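What follows is a short report on a single structure.
The values are calculated or read from the model by the stated rules, or taken from the named source; none is laboratory data. From a predicted model like this one, the values you see are computed outputs, not experimental measurements. As a convention, Cβ positions derive from the backbone with ideal geometry for all residues, glycine included, and neighbour counts pool all protein chains shown. These accessible areas exclude ligands, DNA and RNA; they are computed on the full protein's heavy atoms, side chains included. Shrake-Rupley method; radii C 1.70, N 1.55, O 1.52, S 1.80 Å.
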Amino acid sequence: MSEAGATQHRQLKISILRYNPQDPNSEPHMQTFPLEEADGMTLFIALNEIREKQDASLQFDFVCRAGICGSCGMLINGRPGLACRTLTMHLGEEITLAPLPVFELIGDLSVNTGKWMRAMSERLETWIHTNEAVDLRKMEERMEPQLAEEIYELDRCIECGCCVAACGTARMREDFVGAVGINKIARFKIDPRDKRTDEDFYELVGDDDGVFGCMSLLGCHDVCPKELPLQTQIAFVRRKMVRMGMK
Amino acid sequence: MNIIYTDVLVVGGGLAGLRAAIGARRRGFEAVILSLVPPKRSHSAAAQGGMQASLGNAIKGEGDNEDVHFEDTVRGSDWGADQQVVRMFVNTAPKAVRELAAWGVPWNRVQRGDREVVINGQRVTITEKDAAHGLITARDFGGTKKWRTCYTSDGTGHAMLFAMSDQAIANSIPVHERTEAIALIHDGGRCFGAIVRNLVSGELVAYLARATVIATGGFGRVYRVTTNAVINEGMGAAIALETGVAALGNMEAVQFHPTGIFPAGILVTEGCRGDGGLLLDGDRHRFMPDYEPEKKELASRDVVSRRMEQHIRAGKGAKGRFGEHVWLDITILGRAHVEKNLREVKDICNYFLGVDPAVDLVPVRPAQHYSMGGVRTNHTGQSQTLKGLFACGEAACWDMHGFNRLGGNSVAETVVAGMIVGEFVADFCASPESDITISTGLVREFWERENARIDALINSTGTEDANVIKMRMQDLMTSNVGIFRTGDALKAAVDELQELLIKSRNIGLRYKVKASNPELVTAYRVQKMLKLALCVAYGALQRTESRGAHFREDYPQRNDRDWLKRTLATWPGEMDTLPTLNYEDLDILNMELPPGWRGYGAKDYIDHPDTAARQAQIEEIKNSLATADRFAIQNALMRFEHLLPERFQGRNERLGEILS
Ligand SMILES: Cc1cc2nc3c(=O)[nH]c(=O)nc-3n(C[C@H](O)[C@H](O)[C@H](O)COP(=O)(O)OP(=O)(O)OC[C@H]3O[C@@H](n4cnc5c(N)ncnc54)[C@H](O)[C@@H]3O)c2cc1C
């Protein structure tokens, strides 16, 4: 990217919350790395450059680096977001990065969202429940095109954990399923292939670790990188569950 | 030394590995999946455009069936594919889509009535049939005669991977996340599992299994400019190669996708062109029809990528701050379409380029995209030389893509191969052949060897920097082993890659701990990646012809006479600096579709002497069966159904072909 030529690049100061729980001598502390900005620089590029040139021990997670896989959720100037698609030019010269809260810390910016999400999936049974056996040679069940699109809309969640990190309840209640979980329930609820009833869903989320734990602060809605309609979905599931609870 | 026992060890939690594990689990075997990352973050999630299966529901897919899909795939492969495997694949793909539908994938559906689409730069109205309303629809993709690519907007891989991964959870299959298989355990004839490193604690554990399945995806990261995820470093293929026994097939067959955004290389889907997007040059001229009058922007990827580079070389590229590129124009599709069917594309353009593709042109240039080569197996997915070792998905070469794979055929392959190989793995596990007969002593030897290698890296006083070696390798591969290849450039690459391999034995680390250590990971992986890079470069140097994605400027013709063969690479000696290459002939006399012109790309090729004879035989068979149905004719030309696991045999129902 040398062709950038005449443009004067900014000197960034990237402060990172460092802590390696694997290392008994490690204490949480902020460490600041100076870095010359480049054209089109993302936090993905910036962090890799820091690791290659300044500190080989720095831990963070990237996979697709295209905003699709949800690996790189972190607090960027205090706000949960995907680092790979955050351009440094949209940020000030001083940038602070910290790991997502709530999730188990692996080291530095790396957190164990995978473990949390698997536990959530197991608990909410985030798969189609049916007793109908399908004959794979036969034509598929029909579905209204509009409904397929509505399901996809909710299916777009990438389990990045940003909504959980932004959630007041999740920080207080260890077992709260978060907006990610409630959105899954909404997704399966509108899917006619899933034969679970409202009673079944109530069993899963009809308590304070589920939809009634939500304090409607809606931090989740504002930070979702996929812009899922979390506010509407939480309200929808809550309405259904209140009705169930009154039965 | 900790040992974990299981029936099936699946290395890789992408679509292929998950489906294979589910298959084995459903047959009553215990399976453990290893993955570098949470499985839903595997690169399968990044597939945007869709999955090919000949359902024939959409009006533009009418008349589609296995035969058409078969021909497209074989032509796409430039006749490098194993045609029986292609038949197995096309026959199972509709079943795979339907299984995923039952598992919750919200496939886009046919909406009856008129709708406007863009075809060849024109807005036209097509009318979907009443009878197809609500069935799974399809979009157009490159190199296909029919609209066959099933999709969920442009998040197809995501929707598939989440449904699949949740099925694995439903089947209580454990996934050991953040673990990496770093060596296979074997006795020279049988594979018994792997030595696995925990990427967080650094601990090494021996996993012993009846069957070991490599489903680790592609190795795109041996290139600098690639659409692949940063974890796509080919470690599964590499550890198979390092056994010295298992072979890698056709490693020189590397696909470059036409539309990586420039310069980042992030992919925007072929669906952009499938849905009607155009490629424009620096003068905003639509240049593809000049080169490819038949298929234009929708010729196969190898052809489109070459034409783009050719056009840029001719000085017709657009000049940007980071260099030359061409433009992708999807403005013609309209905002509503972009925001509904190409929303990932919209996000990518917005976040990484700051452009709005509904109104702006998108700068694109070909980028490494897909590895046709991989662990060579037979049609059951089992290595032909190392028993108990299976492979499926992008990591494998069973060989359905030959020298070029069609868009949409890969996610289809991952699921289909997972289904088929999962069954064969279960069959293997059910047989006494699969008994774990290895001694603990030998297991310990493997464990100690790997442990010693890691210690050696950590304690090394070497002076080489792992990152520097890796970047040099990536640069070399992109500049010398890319879309246009020549003997000289390949030779230079092979020489320097060998030097890098030797240097990589002298890496020193700045950060010397055993637990979670990204630099250590780069160090041991780059040693392996260099071997893969050498398989690619050396294979490309030896193959003095052009076929599919492998294009030699000094040998521009496809040469069936001398090169209708599959390259097999092995790495017998640990200190070797080159792979050992062998070749496996493809037998034209057993082909259903003998070599010919693909329908796009170059028309001149050197015929194989058997081609004419086989053509004549085929004519004769077809004439003698003139009144028979397509199934009978196909069966007479090349039997395949007996090769499929029983569970997946049988025809596929379509609107025009109702099963009783
Ligand atoms: C950007 C992009 C878009 C694409 N779009 C399409 C499309 O629209 N249609 C299509 O058909 N194809 C598409 N492809 C291709 C297709 O997505 C891939 O070929 C396919 O998903 C690969 O699936 P897989 O299961 O083989 O491997 P992957 O999904 O790559 O999974 C590999 C798994 O192996 C694990 N792993 C790797 N090494 C190790 C190790 N040593 N130890 C333990 N675990 C390991 C990883 O953690 C991961 O879980 C696209 C590819 C890219 C790059």
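For residue B:139, the residues whose amide H sits under 5 Å from its own are B:148, B:149, B:150, ignoring neighbours fewer than 5 places away on the same chain, with H placed 1.01 Å from N.
Taking all protein chains as shown and a probe of 1.4 angstrom, residue B:301 keeps an accessible surface of around 10 Å². For the range B:350-448, the fraction of alpha-carbon pairs lying more than 25 Å apart is 46 percent, rounded to a whole number.
Cross-link partners for residue B:146 among the lysines, with Cα-Cα distance under 17 Å and sequence neighbours closer than 8 places in the same chain left out: B:60, B:129, B:295, B:296. Placing a pseudo-label 7 Å from each Cα along the Cα-to-Cβ vector at residue B:431 and residue A:239 gives an inter-label distance of 5.9 nm.
Computed over protein heavy atoms with a 1.4 Å probe, the carbon and sulfur contribution to the accessible area of chain B reaches 48%. Calculated FRET efficiency, residue B:631 and residue A:123, Cβ-Cβ r, R0 60 Å, to nearest 0.05? The formula returns an efficiency of 0.80 here.
Based on Cα atoms of the range A:3-111, Rg over Rh with Rh as the Kirkwood radius reads 0.96. For the listed peptides B:446-459, B:63-76, a ranking on the average number of other beta carbons within 10 Å per residue, highest first, reads B:63-76, B:446-459. Here the relative contact order of chain B, from alpha carbon pairs under 8 Å that lie six or more residues apart, stands at 19 percent. Between the residues A:107, A:78, A:34, the greatest Cα displacement towards the positive end of the dipole of the range A:3-111, with unit charges on the Cβ of Lys, Arg, Asp and Glu, is found for A:78.
Our analysis of chain B gives Rg over Rh at 0.95, with the two radii drawn from alpha carbon positions and Rh computed by the Kirkwood formula. Taken residue by residue and averaged, Cβ atoms of other chains lying within 10 Å of the Cβ of B:331-344 number 1.
Show which lysines lie in cross-link reach of residue A:184 when reach means a straight Cα distance below 28 angstrom and same-chain residues fewer than eight apart are skipped. Correct list for residue A:184: A:115, A:195, A:226, A:240, A:247, B:40, B:95, B:340, B:346. Relative to the Cα centre, the charge distribution of the protein assembly as shown, modelled as +1 at Lys and Arg Cβ and -1 at Asp and Glu Cβ, gives a dipole magnitude of about 660 debye.
Taking Lys and Arg as +1 and Asp and Glu as -1, the other residues whose beta-carbon sits under 13 Å from that of residue A:106 total -2.
With a ≥ b ≥ c the root eigenvalues of the C-alpha gyration tensor of the range B:420-543, is it rounded (a/c under 1.5), prolate (a/b larger than b/c) or oblate? Taking the square roots of the gyration eigenvalues as a ≥ b ≥ c, the range B:420-543 is oblate. Placing a label point 7 Å from the Cα of residue A:173 along the Cα-to-Cβ direction, the residues of the range A:183-225 whose backbone N falls under 11 Å from that point are A:205-216. With a 10 Å cut-off around each Cβ of B:42-48, the average count of Cβ atoms from other chains is 4.
For the segment B:150-158, counting C-beta atoms of other chains within 10 Å of every residue's C-beta and taking the mean gives 3. Simple rule: put +1 on each Lys or Arg Cβ and -1 on each Asp or Glu Cβ in the protein assembly as shown, find the dipole, and look at B:267, B:241, B:1; the Cα lying farthest toward the positive end is B:267. Relative to the Cα centre, the charge distribution of the range A:125-246, modelled as +1 at Lys and Arg Cβ and -1 at Asp and Glu Cβ, gives a dipole magnitude of about 200 debye.
When shorter helices are ignored and each DSSP H run of at least 4 residues is given -39500 (n - 2.57), the per-residue value for chain B at 222 nm works out to -10500 deg cm²/dmol. Within the shell of other residues whose beta carbon sits under 13 angstrom from the beta carbon of residue B:310, the net charge comes to -2, with Lys and Arg scored +1 and Asp and Glu -1.
Given +1 at the Cβ of Lys and Arg, -1 at the Cβ of Asp and Glu and no other charges, the dipole of the range B:301-454 around its Cα centre is 820 debye to the nearest 20. When the distances between all Cα atoms of the protein assembly as shown are binned every 10 Å from zero, what whole-number percent does each bin get? Taking all Cα pairs of the protein assembly as shown, the binned fractions are 2, 12, 23, 27, 22, 10, 3, 0, 0 percent. The modelled label-to-label distance for the pair residue A:115/residue A:55, using points 7 Å beyond Cα in the direction of Cβ, is 2.3 nm.
Relative to the 2.2 N^0.38 Å rule of thumb, the range A:125-246 has a C-alpha radius of gyration ratio of 1.11. Kindly state, to the nearest 0.05, the FRET efficiency for residue B:587 paired with residue B:310, given R0 = 35 Å and r defined as their beta-carbon distance. Efficiency at R0 = 35 Å is approximately 0.55. Excluding residue B:479 itself, calculate the net charge of residues whose Cβ lies under 13 Å from the Cβ of residue B:479, where each Lys or Arg counts +1 and each Asp or Glu counts -1. Taking every Cβ under 13 Å from that of residue B:479, the sum is -1. Interface between chains B and A: roughly 6300 Å² of accessible area buried, both sides summed (probe 1.4 Å, protein heavy atoms only). For residue B:339 and residue A:232, a Förster radius of 25 Å and the Cβ-Cβ distance give a FRET efficiency of 0.85, rounded to the nearest 0.05.
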